[in-house]
Amino acid sequence: MPWLQPGARPCPAASFQVSRVPLHRSWPGSPHGQGAGEGAASLDGGEAQFLARVGVMLKMLTFFQGLPGQQPVSGAPDFPRSAQKLPSTSEAESEASMSEASSEDLVPSLEAEVATDRDEEEAGKKKKKSKGLATMISVFTKGRKKKGQPSLSETEGESESSPRPPAQLPTVEELKADLERGRLEAARPLLALELELQEAAAAGRASEEELVRRQSKVEALYALLRDQVLGQLRRPLEAEPERLRQALAVLAEQERQDHAAAAAGPPGCPGLATTRPRGWLQLWRDGVAQAAAERLSRRPAADAEGRTEAERTFLHMGRTMKEDLEAVVERLKPLFPADIRVVAAYAESYHAEFASQLSALTQFELCQRDTYMLLLWVQNLYPNDILNSPKLAPELQGVRLGTLLPPTQIRLLEATFLSNEVASVRELTARALELESNRWTNDEAPQRLDGHCHSELAIDIIQIISQGQAKAESITLDLGAQIKPLLLEELARFLRSYQHAFDGFLERCRQLRNYRANVIANINNCLPFRTSLEQQWQTPPDLRSSLLRPLNELKSHGFDTLLQSLFGDLKPLFKRFTQTRWAAPQQTLEEIVSAVAERMPEFSELQDCFREELLEAVHLHLVKEYIARLCKRRLVLKTAEQQQQLAGHVQANAQLIQQFCTQSGSRATWLHDALPTLAEIIRLQDPSAIKIEVATYSTLYPDFSKGHLSAILAIKGNLSSSDAKSIRSILDINTGAHEPSKALFSLIKVG
């Protein structure tokens, strides 16, 4: 027969022409059966037909089981499911006619047999017969499509995947085949098989040898299932979502069974080895840790940015961890049960691997660059850019990962970093100064920037100091606060060295062609240093004064050098005041102002602020030298008219000096009263009025001494010695009352 597989034994039912009545022909009230009236009038007849059909089945079952040498119908495994065919149409019609013809005769016997079967089923003694009945009913009803049932083509396509009846567990071989094909649906019958084995052991229904044999098969199946489940979970991003859900369901069920076994206490099944807890969840976590180790330990590729191997390793691990955890949050968390805590499991594994690799790295001697990079990742990038990133921070709030390194080791690394950074700053600043001083001595012309002599030294030094500060702050703000005083100390050290080197250049290199240009460039360097100290570093006033002192000295020495030749040219002109006994002071002063004006372009390459300061120095020099000539005691005027005439010259000269210097850019307004007040003292004749002027003058210029006052009073030849002494006594009252903010008279020597 074509529907039998090779080697299959023919079923006895195959040689029988069994009458089968289609359901629609035998059901009472069916439009295809008897008339509606007939069916309604004889309900017992419809019941008889139904019972007749059942009776036919029971008789056939009894007959089959009584055949000599034949297997019971319940022995259906000899017939593959795929070999079962629908009976032909002629067979169905014959069955229908047979059923209709004998329905009345069969009713009494069917009722008795049905009652007998019911008693046997309730007593549980005829399981084989019940199973045979179920098989026979399936044979008779197969192919008959009821409302809501799938068609034959649909059931045949689903025959392999349709679940078995709960009372019939698949065999070990069938489960093994299912698991080898990757069918995770086999997990539930495997669990039932395990529970059945435990029941058999507890009831003593099997020998110890049989229990060992059966348990070994169950455990082998569990090994296959474990490999399938963990295989899906090992690379979850590559698995299909539905397969991943199945694997997770199996994992969750196994975890529940483990908890149940642990709650039940020691096993009470003699003859069985203890197999729970199986710990698949921990095996999954171990797999996650292994995956993290594999991902983070991959050797990063070399890049074109010149990073060290440690820097590439840090970057690779940080980027990999962040990207992988974000993928877990976005793609795996929605699929995993909440109690598995998939994000925490991955985060803990990646954190542990990250920490392990960093700890191994610290066992070696690290260079300065790698020490900084290690601290940067441990203290800043890892906690802030990875753990507290927008996508991961909400997911990791309840996960306690801690730091990548122990606090004591972090403190040691920070101390090493501070020491390295200070040493690096000292070395870099010394090298920068050496390069700059070599340019001076080699007579290299400085750069010009916006019409000013320019040097990169200040920018280089500020950048070196600022980078050291920024590197420390990039690790932690606390470390930035620790390094700040150390860097300022190094800056002060450098500025002292800078001043010393510049003074040496001023003394030894006067003959060089670019001498003055380099002097101006170094004076201009003071501006960025001063700005950085006042704005960027925000140092206390006393510390700022200490740091600025070398710069002020450098600038002052530079001004002296630039003005030295000019002041040398003005010296003989100032001598002319006393040599001519102030005969033509206006003409002499005009020559002085003209000489200064001719030299002003030499200072145009100074920064504007320093040019103003230099003009203030020129202004001070003109006033100082003019007063020095008045204090020479070579001019004595005995009449009031002569004194008034001199006072008029002094007043006019003071106006010329002030006008010229102010127009040139001097901001030394504090010098405006120096000459006019002296002119007023010379003009006045009343000792009391002179005393008032002197008292006022001493408040403006606290360094105005009795010696200076005596030299001015000496011009007044008509002033008695007693009046002169009384006037000088006014300075005794004001002595020590004011400290001189700026020097004027202290720069003037009197005999």
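The values are calculated or read from the model by the stated rules, or taken from the named source; none is laboratory data. Nothing here was measured: the structure is a model prediction, and the numbers come from that model. So basically every Cβ, Gly included, is an ideal-geometry build from the backbone, and we count neighbours across all protein chains shown. With ligands, DNA and RNA removed, areas are computed over all heavy atoms of the protein, side chains included. Shrake-Rupley method; radii C 1.70, N 1.55, O 1.52, S 1.80 Å.
Here are a few things to note about the model shown:
- Here the stretch 550-624 has an Rg and Dmax of 13.8, 45 Å, counting Cα atoms alone.
- Eigenvalues of the alpha-carbon gyration tensor of the stretch 256-298, scaled by 5 and square-rooted, set the equivalent ellipsoid semi-axes at 33, 10, 5 angstrom, largest first.
- Whole-number accessible area per residue in Å² for the stretch 454-603, which is evaluated in the context of all protein chains at 1.4 Å: 47
- For the stretch 265-367, the normalised intensity computed at q = 0.17, 0.22 Å⁻¹ comes to -0.85, -1.15 (log10 of I(q)/I(0), Debye sum over alpha carbons, equal scatterers, no solvent).
- Proximal charge balance of Phe364 [Cβ under 13 Å; K/R count +1, D/E count -1]: -3
- Isotropic mean projected area of the C-alpha convex hull, the stretch 500-584 (nm²): 8.5
- Our estimate of slack between Ala252 and Lys333, defined as 0.36 nm per intervening residue step minus the Cα-Cα distance, is 27.7 nm.
- Given Lys624/Lys742; Lys706/Lys749; Lys471/Lys555; Lys571/Lys716; Lys391/Lys471; Lys624/Lys706, the pairs whose alpha carbons are separated by over 24 Å: Lys471/Lys555; Lys571/Lys716; Lys391/Lys471
- The per residue volume of the convex hull around the alpha-carbon atoms of the stretch 309-433 is 114 Å³.
- When only the Cβ of Lys, Arg, Asp and Glu is charged (+1, +1, -1, -1), the dipole of the stretch 485-563 relative to its Cα centre reaches about 300 debye.
- Average accessible area per residue (Å²) across the stretch 346-424 - probe 1.4 Å, nucleic acids and ligands excluded: 50
- Nearest-0.05 FRET efficiency for Trp670 and Asp732, computed from C-beta distance (R0 22 Å): 0.35
- The residue among Leu543, Tyr626, Phe610 whose Cα reaches farthest toward the positive pole of the charge dipole of the stretch 534-629, with charges on the beta-carbon of Lys, Arg, Asp and Glu, is Tyr626.
- The stretch 321-362 and the stretch 683-702: distance between their alpha carbon centers, rounded to Å: 87
- Measuring nothing but alpha carbons in the stretch 564-691 and taking Rh as the Kirkwood radius, the Rg to Rh ratio lands at 1.00.
- Apportionment of accessible area to carbon and sulfur, the stretch 558-646, percent (1.4 Å): 45
- Apportionment of accessible area to carbon and sulfur, the stretch 340-392, percent (1.4 Å): 51
- Fraction in percent of alpha-carbon pairs per bin - 10 Å, the stretch 490-545: 20, 45, 25, 10, 0
- When the residues Trp670, Trp582 are ordered by accessible surface, computed with a 1.4 Å probe over the protein chains alone, the sequence from largest down reads Trp670, Trp582.
- Spatial separation of Cα centroids for the stretch 209-268 and the stretch 620-663, in angstrom: 111
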